[in-house]
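Take a look at the structure below.
What follows is calculated from the coordinates using simple rules that are stated; it is not laboratory data. Note that this is a predicted model, so its numbers are computed, not measured. A quick note on method: Cβ atoms are made from the backbone with ideal geometry, for glycine too, and the neighbour counts reach across all protein chains shown.
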Amino acid sequence: MRADTLAAEVEMRFLRPSPPRVSNAVPGDLGQLLVLYERAWGEPADPLSEEERERARPAAEDIAAWFRGGLEVFRLTHDQRLMGAVRCSFPSGSCHIDNLVVAPDLRNRGFGRALIEHCLARGRRAALPRTWAQVDARLKVAGRLLLSAGFQETGRHQTSDRRTLILFEKRN
């Protein structure tokens, strides 16, 4: 291979953008996470009433409590921009995924899937046999995302406020 061809290939590799990165969120991310959740629930992927959006949006105190133990919060970033987040917990020998959000202007590009895959890998590293997620039946986009990631619907139940929740499971 000629030196000028090799130099061009090396230069081309450096011009490729770095991929988004999933990492552990830290308490210092609280402000950015709050803004992300406000934006995501301000423009939900599925039509919801203002009351439903308000109920789904975690408050600053709730997000702060996630960092006080028992939960792992993962963030998806690129070029120092927070693009998405998810919460993961490990009750009774399984992995539970919830509070998944992606910035409204970045939806449908595989970022939600990347966060789910990260949680699944975390559950496998912990040798957990299954991963669960529970989604309001009105959140069709979230349900389709879980199904596309290999989850199966395992049940539905009514809440006291008449919402239908769908339980999804994936064996690790």
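Laid out as a table, the results:
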quantity	calculated
Highest-MSF residue in the chain out of H157, H96, H118 [GNM, Cα springs under 10 Å]	H157
Virtual spin-label span in nm between S94 and K140, 7 Å along Cα→Cβ	2.7
For the stretch 98-105, 3J(HN,Hα) per residue [Karplus equation, 6.51 cos²θ - 1.76 cosθ + 1.60, θ = phi - 60°, Hz, x = Gly/Pro]	7, 6, 7, 9, 10, 3, x, 7
R81/R16 FRET efficiency (R0 22 Å; Cβ-Cβ; nearest 0.05)	0.80
Contact order normalised by residue count of the stretch 50-172, Cα under 8 Å, 6+ apart, percent	18
Cleavage-rule hits (trypsin sites (Lys or Arg not before Pro)) in the stretch 13-99: DSSP loop, at most 16 neighbouring Cβ within 10 angstrom	R68
Given (i) 17.9, 66; (ii) 17.1, 61; (iii) 18.5, 72, the label whose value is Rg and Dmax of the Cα atoms in Å derived from this model	(iii)
Beta bridge orientation in the chain: antiparallel %, DSSP, nearest 5	90
Hypothetical label at S148: residues of the stretch 80-108 whose amide nitrogen lies under 17 Å (7 Å Cα-Cβ projection)	84-85, 100-108
